[in-house]
1. Using beta carbons and a limit of 8 Å, which pairs, at least six apart or on different chains, have the first residue in region 17-32 and open to solvent by 60 Å² or more (accessible area, probe 1.4 Å) and the second one part of a helix (DSSP H, G or I)?
2. Consider VAL160 against the criteria (1) within 30 Å of ILE227 (Cα to Cα); (2) modelled with pLDDT under 65: it satisfies all of them except one. Which criterion is unmet?
3. What is the number of the single condition among (1) open to solvent by less than 60 Å² (accessible area, probe 1.4 Å); (2) over 17 Å from THR276 (Cα atoms) that VAL310 does not meet?
4. Condition check: open to solvent by less than 30 Å² (accessible area, probe 1.4 Å), closer than 25 Å to ASP197 by Cα and in contact with a Lys or Arg (Cβ under 7 Å, 6 or more places away or on another chain). Does VAL281 satisfy that?
5. Pull out all pairs, ordered by first then second residue, where Cβ-Cβ is under 7 Å, the residues are six or more apart or on different chains, the first lies in region 295-313 and is free of Cβ contacts under 8 Å to residues at least 60 places away in the same chain and within 14 Å of MET244 (Cβ to Cβ), and the second is open to solvent by 10 Å² or more (accessible area, probe 1.4 Å) and not in a strand (DSSP E or B).
6. Can you find a residue that is open to solvent by less than 40 Å² (accessible area, probe 1.4 Å) and either polar (S, T, N, Q) or outside any strand (DSSP E or B) (or both) anywhere in region 244-252?
7. Got a sec? Which of GLY196, GLY179 is open to solvent by less than 40 Å² (accessible area, probe 1.4 Å), within 27 Å of the chain's Cα centre (by Cα), at pLDDT 70 or above and on the phi > 0 side of the Ramachandran plot?
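The values are calculated or read from the model by the stated rules, or taken from the named source; none is laboratory data. Computed from a prediction, not measured in an experiment: that's the story for all the values here. Please note: Cβ atoms are built from the backbone with ideal geometry, for glycine as well, and neighbour counts cover all protein chains shown. Accessible surface is based on the protein model in full, side chains and every heavy atom, while ligands, DNA and RNA are left aside. Shrake-Rupley method; radii C 1.70, N 1.55, O 1.52, S 1.80 Å.
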Amino acid sequence: MFLKKEFLGNTIEDYLLALGVFLAVFILIKIIKKFVLQRLKERFESSYISKYNFLNKSINKFFVPAIYLGILYLIIERLKLSEETEKIVVAVYSVLITYFVVRFTVVIIKYFIERYFIQRDRESDYNRIQPLLGLVDLIVWSVGVIFLLDNFGFQVSAVVTGLGISGVAVALAAQAILGDLFSYFVLFFDKPFEVGDFVNFEGQLGNIEKIGLKTTKIRALSGEQLIVNNSRLTTATVHNFKRMEKRRAVLRIGVVYQTPHEKLKAIPDMVKEIITRHELVQYDRGHFVSYGDFSLNFEFVYFVLSPEMVTYLDIQQSINLEIYKLFERERIEFAYPTQTIFVNQENNTDSGTGQ
């Protein structure tokens with residue numbers, strides 16, 4: 001009979017039976033998966049969308065393929081295979097299992113890290129830790145490869161020892177890079193600034209665009225991108241304007257010495273009234289502070305209750321214009337550098353005698 005013909009040690013009937021079992025299991029898993037995912041969707045999607053997405057992704061990309069591989073392996077085991085073919089099958093399965101386990105481990109780690117930050121309303125910290133997740137991938141995959149090599153009979157201890165010696169040599173040769181890497185951890189945990197903050201770094205004003213493992217990118221006001229080593233940022237003074245709650249303004253006014261006493265006395269109250277009329281302004285003080293070389297000097301201090309530079313400048317401009325208009329109306333003159341020269345004329349008359 002046709003079904004009893006042998007091919008590679010097994011009859012065609014054995015192959016068809018194995019294929020039938022696999023197709024039956026495949027259909028059954030499809031039905032079960034659809035039922036399970038529907039139930040999960042009804043339970044989690046409305047209130048725990050991230051948990052549903054995680055379970056959906058895990059089932060489709062890891063659990064179902066793992067079940068298929070397991071069933072296929074059991075079916076192949078029932079067939080008569082040559083020793084070499086069996087070794088190849090075992091090797092392929094070892095690689096596939098390691099691949100799925102490592103990928104699933106990485107997904108689990110990232111999921112719980114994300115959940116940790118989101119549940120504590122620290123999504124900005126999660127965005128900053130993204131470069132470290134690449135390091136997590138490298139570590140997990142390295143462990144998976146070492147495990148796989150050990151299963152294939154390699155001397156893993158010798159490989160690990162060699163990697164350790166090589167690692168010391170690389171660390172000595174890359175001290176600057178490792179310094180920037182450790183500085184990244186300092187920036188992450190200390191959080192002197194975040195992406196989007198407006199900062200002043202060594203006289204350069206700009207917005208933080210990206211905080212990487214080695215460098216931080218700053219978009220300067222003039223348009224160019226500044227790339228700064230993390231180690232420099234941890235040792236330099238960085239002014240973070242985003243953390244400001246209010247901006248301090250100092251207004252100095254000088255009037256001429258010919259200003260009458262009554263108007264000098266009224267200037268602090270007049271200027272105070274102008275400042276306090278503005279919203280988002282907190283008046284601090286105003287005084288006649290000194291006699292200058294060519295002016296009588298007043299100093300006023302107030303705070304703009306906004307960190308925005310444009311708001312600060314708009315309010316400052318409005319106050320300055322109103323003061324100018326007030327002084328113009330009251331005929332109070334602003335002082336500017338002048339010099340007065342006194343000339344002493346003497347009448348030298350000759351009292352000569354006639355000859």
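1. If the second residue must be part of a helix (DSSP H, G or I), the pairs left are VAL21/ILE71; VAL21/ILE75; PHE26/TYR68.
2. Just one mismatch for VAL160, condition (1).
3. Condition not satisfied by VAL310: (1).
4. no
5. PHE303/LYS246; VAL304/LYS246; VAL304/LEU280; VAL304/THR311; VAL304/TYR312; VAL304/ILE315; THR311/LEU280
6. No.
7. Working: GLY179 fails: on the phi > 0 side of the Ramachandran plot.
None of the others qualify; the one that does is GLY196.
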